[in-house]
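Just below is one structure, and these are the notes that go with it.
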């Protein structure tokens, strides 16, 4: 996973010379459902910087997922990654609302990428998630972009859905040494391989600036 992320980052840098221009996005992201963070309010600011080459954009991205729920380990839960986005279908008819907020283009886009999450959620007095403080992640997204196509800029906003998956990894299991109810002095913690994957569905609302 790390080798793939490094190779994608090199492709981002290599594409600067032939790209149409730099792009930047910022906004909010939040989880509609996340198996790795049950009961937590997962959401916060997100930022992405990239380069465009025709219908493709390669980006480096960051998100602060525990901004609205600080019940985490010391550094919170954050995500960094690389993404390749592509414009699938574009419509250039102009739409205006009350003679303002005109948009010249509407675009259906999709992206795919890899990244890594840092930090863990404190689920209760005994349980944390994910099992490890650093978890690799892969994702695909689909969304709509509305922009004003002010030459040579392409400014607007995006709304998208992201499906992400990450390995569940190795966790901790608490068992009783003696029969009956567990007391604090009669428990033992052992490592277990949880196996499988955790998936999540997130919504993204981002402002877009750039070529």
**Request:** Order by neighbour count: 85, 134, 168, fewest other Cβ atoms within 10 Å first, most last.
**Result:** 134, 168, 85
**Request:** Can you put 74, 91, 141, 166 in order of Cβ neighbours within 10 angstrom, beginning with the fewest?
**Result:** 74, 91, 141, 166
**Item:** Sequence of 204, 116, 33 once ranked by neighbouring C-beta atoms within 10 Å, starting from the fewest
**Value:** 33, 116, 204
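Where a number appears in this text, it was derived from the coordinates with a stated rule and is not lab data. Quick caveat, the model's predicted, so the values are computed rather than measured. When we count neighbours, we look across all protein chains shown, and the Cβ atoms used for this are built from the backbone with ideal geometry, even at glycine.
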